[in-house]
Amino acid sequence: MEKEKISKRKLQAIETKKKIFETARRLVLEYGIENVSVDSIVEATEVSKGAFYVHFESKDALLVALVNDYTNMADTDYKSFLKTLPDRMSTLDTLALMSEKISDFIEYWIGLENMRALYKAHLAKTVNTTSSISYNRELYKLFIDVLERGVRQGELREDIPVDSLSKHLILAIRGITFEWCIRHPDFDLKEQVLNHFKILLYGLKR
């Protein structure tokens, strides 16, 4: 009987944490990270502030969980997208389409205000954003796989290590996204990413 009570209590705790997390995700997407408070989260979730702090020690801790979740969701989406592309597609076309997919995810899933807040967090170090910038991130591995295929097929130059090329491609996307954050609305993210990638990929062509 006691085991059953503990089981139900744990199940309820899991559901409460999930509800807080999903509500926070919805509010962040709708209003932006910096415009969402703990009070607004607990009010929308209909739980006490004490319940919030049982599961998340602070708003920043919750934001870390959200960043991790979005990083994993993005990389899973990119990996699934690559699998839909024809095997015979050229490496340069694959990389161009990949850059377009990434720019769409940034603009329409994460959004301008949240990207601005994320860059601010990167610089201020107030929130642990390691998952989105780590070189062990799945996104780097995806680029490396595509680049290695391009080298094997004789499409790409062989004198630059593919792990270095992968870092430079993502560095370009990150820099262009930052430019979008500071120049919006007079800066088209997808257009600029594609144009920049054409220049980079032309330099990689064998």
Note to self: Please compute the contact order of the stretch 1-56 in relative form: average sequence separation of alpha-carbon pairs under 8 Å and at least six residues apart, divided by the residue count, as a percent.
What the structure shows: 31 percent
Margin query: Given a Förster distance of 35 Å, report the FRET efficiency between ARG26 and ALA172 from their Cβ-Cβ distance, rounded to the nearest 0.05.
Written below: 0.65
Item checked: Gain on full stretching of the segment that runs from GLU57 to GLU43 - 0.36 nm per residue minus C-alpha separation -> 3.3 nm
Next item on the list: Starting from the alpha-carbon convex hull of the chain, give the projected area averaged over all orientations, in nm².
Entry: 14.4 nm²
Next item on the list: For each pair in LYS59/LYS79; LYS120/LYS167; LYS120/LYS141; LYS59/LYS125; LYS18/LYS79, compute the distance between the two Cα atoms and list the pairs where it is over 23 Å.
Entry: LYS59/LYS79; LYS120/LYS141; LYS18/LYS79
Next item on the list: Consider just the alpha-carbon atoms of the stretch 80-166 and return their Rg together with their Dmax, both in angstrom.
Entry: 15.4, 45
Note to self: Per 0.36 nm of contour for each residue apart, how much would the distance between ARG183 and ALA96 grow if the chain were fully extended, relative to their Cα-Cα spacing?
What the structure shows: 29.0 nm
Next item on the list: For GLU148, put the label point 7 Å out on the Cα→Cβ axis and report which residues of the stretch 81-107 keep their amide N under 17 Å from it.
Entry: 82-83, 91, 95
Margin query: I need the per residue convex hull volume for the stretch 30-113, using only the alpha carbons, in cubic angstrom as a whole number.
Written below: 104 Å³
Next item on the list: Please quote Rg/Rh for the stretch 1-56 to two decimal places, taking the Kirkwood radius as Rh and restricting both calculations to Cα atoms.
Entry: 1.10
Check: HIS122 versus LEU11, label points 7 Å from Cα toward the beta carbon: distance in nm?
Finding: 4.3 nm
Margin query: Please compute the Kirkwood hydrodynamic radius over the stretch 135-203, one decimal place, Å, based on all pairs of different Cα atoms.
Written below: 13.0 Å
Note to self: Test of understanding: given the chain, find the longest segment containing no GluC sites (Glu not before Pro) that are in a DSSP loop and have at most 13 other Cβ atoms within 10 Å.
What the structure shows: 58-157
Check: Residues in the stretch 126-159 near a label at TYR202, defined as backbone nitrogen under 18 Å from the 7 Å Cα→Cβ point?
Finding: 156-157
Next item on the list: Quick one: compute the contact order of the stretch 58-204, relative version, from alpha carbon pairs under 8 angstrom and 6+ residues apart, as a percent.
Entry: 31 percent
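The numbers here are math on the coordinates, done by the rules we state, and not lab data. Bear in mind the structure is a predicted one, so any value in this text is a computation, not a measurement. FYI the Cβ positions are ideal-geometry reconstructions off the backbone, even for glycines, and counts take in every protein chain you see.
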